[in-house]
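Below is one structure; the comments refer to it alone.
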Amino acid sequence: MPLDTIGSPLMWGGFIAFVLAMLALDLGVFHRKAHDVSVKEAAAWSAVWVLLAVVFNLGVYVWFGPDRALEFTTGYLVEKALAVDNIFVFVVIFATFAIPTRYQHRVLFWGVLGALLMRAVFIFAGGAFLQRFHWAMYVFGALLAVLGVKLLVQREKPPEPEKNALVRLLRRVLPVTSSVEGDRFVVRRDGRRWATPLLLALVAVEVTDVLFAVDSIPAIFAITTDPFIVFTSNIFAILGLRSLYFLLAGAVGKFAYLKVGLAAVLIFVGAKMLLMDVYKLPVVASLGVIVAILAISIVVSLVKTRRPAPEAA
């Protein structure tokens, strides 16, 4: 059964061509040489990606109306918020494998490229499944609620990327160099191929994105089942993830309650999916609740970090 979508084949092809062109411009022109990404550069690129998303959404508004544009806005905001949780993990990954700052962009670039491909597969598979089996919405809703509770309970537990099964398998297949070898993922020594810490970090980043896709993809399907809106809002959020990482990596400690807010968002979206046949919450109301949850968690986090710690006796 064909999926109900506003996207024509020409629109799908044009959007994918745009994404590939931006990625080529990013790596081939602006980041051809490895360098430390400054906060100013990261802020500029973050603004560019947000502006592109806004312009695209204006096009959705003009061509397909305010309802679709609101769905895009809500989906983009949810994805952007959940992507911030990735940043916490990326910080740990790069620290674990001792990746210098100047090479982190290269790892994230290829990590994001792999994430785009995996997200596309998940979205089309999930959309087709929901189109055929309506009861799957209840499964996704329950999954989101459980993941939200799990994130709330385990928010203090640090990730351990070096214990990841794929990372350990890679270590068994290839010997690993003791330090990075420039921006190379694999080097050849004595007739053998050696993996570098950059490759281990890349594998950890890809696995992390797969795990986060498990909660982020169903969350957007709770807002809209249009694959084009789901895909484009998801991709725009992911494209800005690298610049957002370099912008916020040094300040993640200030958002102590952000994970509580993200857990609340997942639980709210999961409950919305479970009750969708009882009461369908308007998209604008969903957007308001999500914005309020995230705003409160950020404000409370900033208030806590600004409050002076009590002096030791």
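Being at pLDDT below 80 and assigned to a loop (DSSP other than H, G, I, E, B) is the filter here, so list the residues in region 126-175 that pass it.
Phe133, His134, Trp135, Gln154, Arg155, Glu156, Lys157, Pro158, Pro159, Glu160, Asn164 - these are the residues of region 126-175 that are at pLDDT below 80 and assigned to a loop (DSSP other than H, G, I, E, B).
Suppose we filter Leu23, Leu51 for residues that are at pLDDT 70 or above and either surrounded by 12 or more Cβ atoms within 10 Å (Cβ to Cβ) or part of a loop (DSSP other than H, G, I, E, B) (or both); which single one remains?
Only one candidate passes the filter, namely Leu23.
Tell me, please, whether a residue that is among the aromatic types (Phe, Trp, Tyr), in contact (Cβ under 8 Å) with a residue 40 or more places away in the chain and in contact with a Phe, Trp or Tyr (Cβ under 8 Å, 6 or more places away or on another chain) can be found in region 92-107.
No, there is no match, as no residue in region 92-107 is among the aromatic types (Phe, Trp, Tyr), in contact (Cβ under 8 Å) with a residue 40 or more places away in the chain and in contact with a Phe, Trp or Tyr (Cβ under 8 Å, 6 or more places away or on another chain).
Check off (1) in contact with a Ser or Thr (Cβ under 8 Å, 6 or more places away or on another chain); (2) surrounded by fewer than 18 Cβ atoms within 10 Å (Cβ to Cβ) for Asn57 and give me the number that stays unchecked.
(2)
Does any residue of region 98-109 turn out to be part of a loop (DSSP other than H, G, I, E, B) and crowded, with 20+ Cβ neighbours inside 10 Å? Don't jump to the end; show me each part of the working.
Within region 98-109, the first condition is being part of a loop (DSSP other than H, G, I, E, B), and the residues that meet it are 98-100.
Narrowing further to those that are crowded, with 20+ Cβ neighbours inside 10 Å: 99.
Checked region 98-109: at least one residue is part of a loop (DSSP other than H, G, I, E, B) and crowded, with 20+ Cβ neighbours inside 10 Å.
Check region 200-210 and report whether any residue there is touching an Asp or Glu at 6+ places or on another chain (Cβ under 8 Å) and without any contact (Cβ under 8 Å) to a residue 60 or more places away in the chain.
Within region 200-210 (the criterion being touching an Asp or Glu at 6+ places or on another chain (Cβ under 8 Å) and without any contact (Cβ under 8 Å) to a residue 60 or more places away in the chain), the answer is no, since none of the residues qualifies.
Is there any pair with a first residue in region 131-151 that is over 14 Å from Ile217 (Cα atoms) and surrounded by fewer than 17 Cβ atoms within 10 Å (Cβ to Cβ) and a second that is hydroxyl-bearing (Ser, Thr, Tyr) and modelled with pLDDT of 75 or more whose Cβ atoms are under 9 Å apart and which are 6 or more apart or on different chains, and what are they?
Once the first residue is over 14 Å from Ile217 (Cα atoms) and surrounded by fewer than 17 Cβ atoms within 10 Å (Cβ to Cβ) and sits in region 131-151, its partners that are hydroxyl-bearing (Ser, Thr, Tyr) and modelled with pLDDT of 75 or more give Gln131/Thr225.
The values are calculated or read from the model by the stated rules, or taken from the named source; none is laboratory data. Keep in mind the model is a prediction, meaning the values are calculated, not measured. FYI the Cβ positions are ideal-geometry reconstructions off the backbone, even for glycines, and counts take in every protein chain you see.
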